[in-house]
Structure formats: C-alpha cells, structure tokens
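The values are calculated or read from the model by the stated rules, or taken from the named source; none is laboratory data. Not measured: the values here are computed from a predicted model. Every residue, glycine as well, gets a Cβ built from its backbone with ideal geometry; the counts of neighbours run over all protein chains shown. Keep in mind that these areas ignore ligands, DNA and RNA; they rest on the heavy atoms of the full protein, side chains included. Shrake-Rupley method; radii C 1.70, N 1.55, O 1.52, S 1.80 Å.
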Amino acid sequence: TYTTDTKSRQENKQTIESLYKLSVDVKKIRRLKEWVLLRDVAYVKEIAGILKEMGADETSVASILERCPEAVLHTPAEVNSQRALWQLVCQNEKQLIQLIEQFPESFFTTKYHENQKANILFFQELGLKNNIITRFLTSAPNIFHNPVEKNKSVIETLQNNYLSLGGSDANMKIWILKLLSQNPFILLHTSATIQENLEFLQKNDFTDKEVLQLLSKLKGFIFQLTPATMEKSMLFSKTVFQCSDQELRELVLKCPALLYYSVPVLEERFEGLLREGISVAQIRETPMVLELTTQIVQYRMKKLSALGYDVKSGNLESLNGTKKDFEASYGKMQSKKERPIFNPVAPIHTED
C-alpha cells in the first residue's frame, strides 16, 4: 500500500544539521516543503558551496535555500550545468547570482536542461538580446520547457501570418522580436490556436491591415482567447452600444479591450461607469475607458472633481491612459487651475 502520510517517514537528520549550520530557517521549510527534508539524499553543503563560489554571501545562501529548498536535491553536476547554461546570457557571475537570489525556482528547474539550452541558442539566433532572454528565463521559464521545434513552429506561424496580412519582409524581424518581448507566453500556444484566432477576425470582416493592427495593439494576448469568447464579447458590445457590424469593428480597433475582456468583466465595468453617472453615449465616444477598473475610474473622477472638472458633462478623455499618463494630464490641469487670471506684471490696456 502507498500512503501520502509523510509523518510516518523520518526526516533526514544530516540534511537538517547542514541547513542549521547555514542559518537556514528549517521551521519555514518544514511548514512549506517538508517533503524535501524526508529525502534520503541531499547535497546541502555542495549546493551552498557552488552558490558561494558564484559570489553569494551567507545571508543570500540561507535566503535562496529557504525559498527553494528543493535546490539541495539536485546534484552538483546538474547545478553546474545550469550555471554554465545561464552564463550564456548573463554578463557575469554577479548578475547570475542576483537572478538566482530573485528567482531561485526558475534556476533550479534542471529537468528540462537540454530544451532550455536549445531554446536559448534559438532565441539568440532569432536576434533576441541576452537581457530579454534572461527576463524570459526568470519570468516565463515554462517557454524553455517546450522542445525547441515547438517554439520554432509558433514563430514560423507568426512570421507567415505577418507576411500574408501584408507585413513587409524588412519589418518582420522587428515585429516578431517586439511581440515576443511584450508577451513571451505566445509560445505556450499552438500554431493551430494562433491560426484559428486570426481566421476568426478575418471571418468577422476585419481587413488584413486591421488584423495586423489588432495583433500589435493586443501585444499577442489575442492568442490567449478563443473564437467563442471573442464572439461573446463582441456580441455584448454590439448589444450595449446598439451599433452596426461596421461600427463595432471601428470600436474594437479603437479599443481592443472590447475583444480581449470577457463578458463578465465588460459588464462589471459598464455598470460601474453607469453608476457614476456616465452615459452609454460617452462610453461609446471613448471606449478606452473600459480598460480601467471601476476603482480606478472612481479614484480619477474624485481627483478631477476636486479641481472642479465634471467628467459626467463632458468627454471621458481626461480619465484615460496609464497611471503615468493620468498623473501628467492631471498635473497640467492643476497648474492651469492654480494660475492667476490677473497678471499684475502685464501692461493694462485702457480705452483712449
């Protein structure tokens, strides 16, 4: 019989003693990943030694092993192979140890070593800069688990579609690299999914140029959708705005979020805006406001109201944009509001 009751197994005393010597919080490991302490074989001293060799001090070593205790289950040979692999894209060992401190779990995933190596070399050949590849290794490690052929197939599908939609050979490489930099998770999708989603847009009468525009505007996130979810979102927008198919396409091009967000999200944001006294006509005029959560809209309306601007009676442009955009336009409004109407230095014009 097999049992999942780990309590019946003994903790490895040698592992625990070695961790204590390195000032590692064993209680924390016991609470979160006790299974590591039950393994018969562990390489605590050896892994700590490799980390120190790379420049990690005692505090860093303890922190890495607390957050990723499974690191001690890898052989020194496996860790050194991983070290050599990551050095292909790191400037030096100082940068490498900084990355390991921040993302230990990404570094200590040695299971897909051969795939990782083949993908790193492929991305370098493709023209991605090493700093982008290191960002992928830490924030999107799953894309390196794919066989390189799978990633190549997705890139080829994107390239073929870019050209068939009217993109030029000269710009293709820049376009692909930008798309990947913005959203490496594209590579987790299949070529068939990509094809299916692009065909859905074409069937809905978006021109090739418009499909390309949507692809770039959505930073590849369009591939995380399905034709069914896009259709539901478009139908919802068409009903709410009471517009024709042509007008709907124009709205989607203006605000791709109408395609990207699910119906419950769009519904919630619509209702939030209407509760604030904003009309459907105003939203239709500036649909980009639907990219903001209800909380952000309320916060911005409150700030503008304090300056004497009533969003409900005008257009919604002043609400739009990223946090940085809003703060910049709000600052301009504020200084304009504070500027004195009467300038005491200006000459006084009187009638003769």
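Some observations on this one:
Okay, residues lined up against (1) acidic (Asp, Glu); (2) out of contact with any Lys or Arg (no Cβ under 7 Å at 6 or more places or on another chain); (3) under 26 Å from Glu247 (Cα atoms):
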| position | (1), (2), (3) |
| --- | --- |
| Asp169 | yes, yes, no |
| Pro184 | no, yes, no |
| Leu188 | no, yes, no |
| Leu212 | no, yes, yes |
| Leu215 | no, yes, yes |
| Ile222 | no, yes, yes |
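- Ile186, sole failed condition from (1) of a type in the set (Val, Ile, Thr); (2) open to solvent by less than 30 Å² (accessible area, probe 1.4 Å); (3) closer than 29 Å to Ser279 by Cα: (3)
- Residue that is most open to solvent (accessible area, probe 1.4 Å), among those in the range 199-221 that are more than 16 Å from Ile176 (Cβ to Cβ) and part of a loop (DSSP other than H, G, I, E, B): Asp205
- Filter pass, Lys117 being touching a Gly at 6+ places or on another chain (Cβ under 8 Å), part of a helix (DSSP H, G or I), more than 30 Å from Lys217 (Cβ to Cβ) and open to solvent by 60 Å² or more (accessible area, probe 1.4 Å): no
- Checked against the criterion of being free of Cβ contacts under 8 Å to residues at least 12 places away in the same chain and surrounded by fewer than 17 Cβ atoms within 10 Å (Cβ to Cβ), the candidates Lys94, Lys33, Lys52 yield just one match: Lys52.
- Within this structure, Cys255 passes the test of being under 22 Å from Leu319 (Cα atoms) and at pLDDT 90 or above.
- Some residue of the range 165-172 being part of a helix (DSSP H, G or I), within 23 Å of the chain's Cα centre (by Cα) and at pLDDT 90 or above: yes
- Of all residues in the range 62-83, those being of a type in the set (A, V, I, L, M, F, W, C), touching a Ser or Thr at 6+ places or on another chain (Cβ under 8 Å) and either closer than 18 Å to Lys21 by Cβ or not in a helix (DSSP H, G or I) (or both) number 2.
- Of everything listed in (1) on the phi > 0 side of the Ramachandran plot; (2) modelled with pLDDT of 95 or more, the single unmet condition for Gly55 is (2).
- Criterion applied to Leu235, Leu253 was being among the hydrophobic types (A, V, I, L, M, F, W, C), without any contact (Cβ under 8 Å) to a residue 12 or more places away in the chain, more than 29 Å from Pro147 (Cα to Cα) and open to solvent by 10 Å² or more (accessible area, probe 1.4 Å), and the one residue passing it is Leu235.
- Subset of the range 308-330 (residues that are open to solvent by 30 Å² or more (accessible area, probe 1.4 Å) and among the aliphatic types (A, V, I, L, M)): Ala328
- Output for the range 131-149, where each listed residue is open to solvent by 60 Å² or more (accessible area, probe 1.4 Å) and in a helix (DSSP H, G or I): Asn131, Arg135, Ser139, Asn142, Glu149
- Total residues in the range 57-91 satisfying the condition of being more than 14 Å from Arg135 (Cα to Cα) and open to solvent by 60 Å² or more (accessible area, probe 1.4 Å): the figure is 7.
- Qualifying position, being modelled with pLDDT under 90, of a type in the set (Asp, Glu) and under 19 Å from Asn315 (Cα atoms), among Glu276, Glu285, Glu250, Glu271: Glu276
- Selection status of Val263, within 23 Å of the chain's Cα centre (by Cα) and modelled with pLDDT of 90 or more: yes
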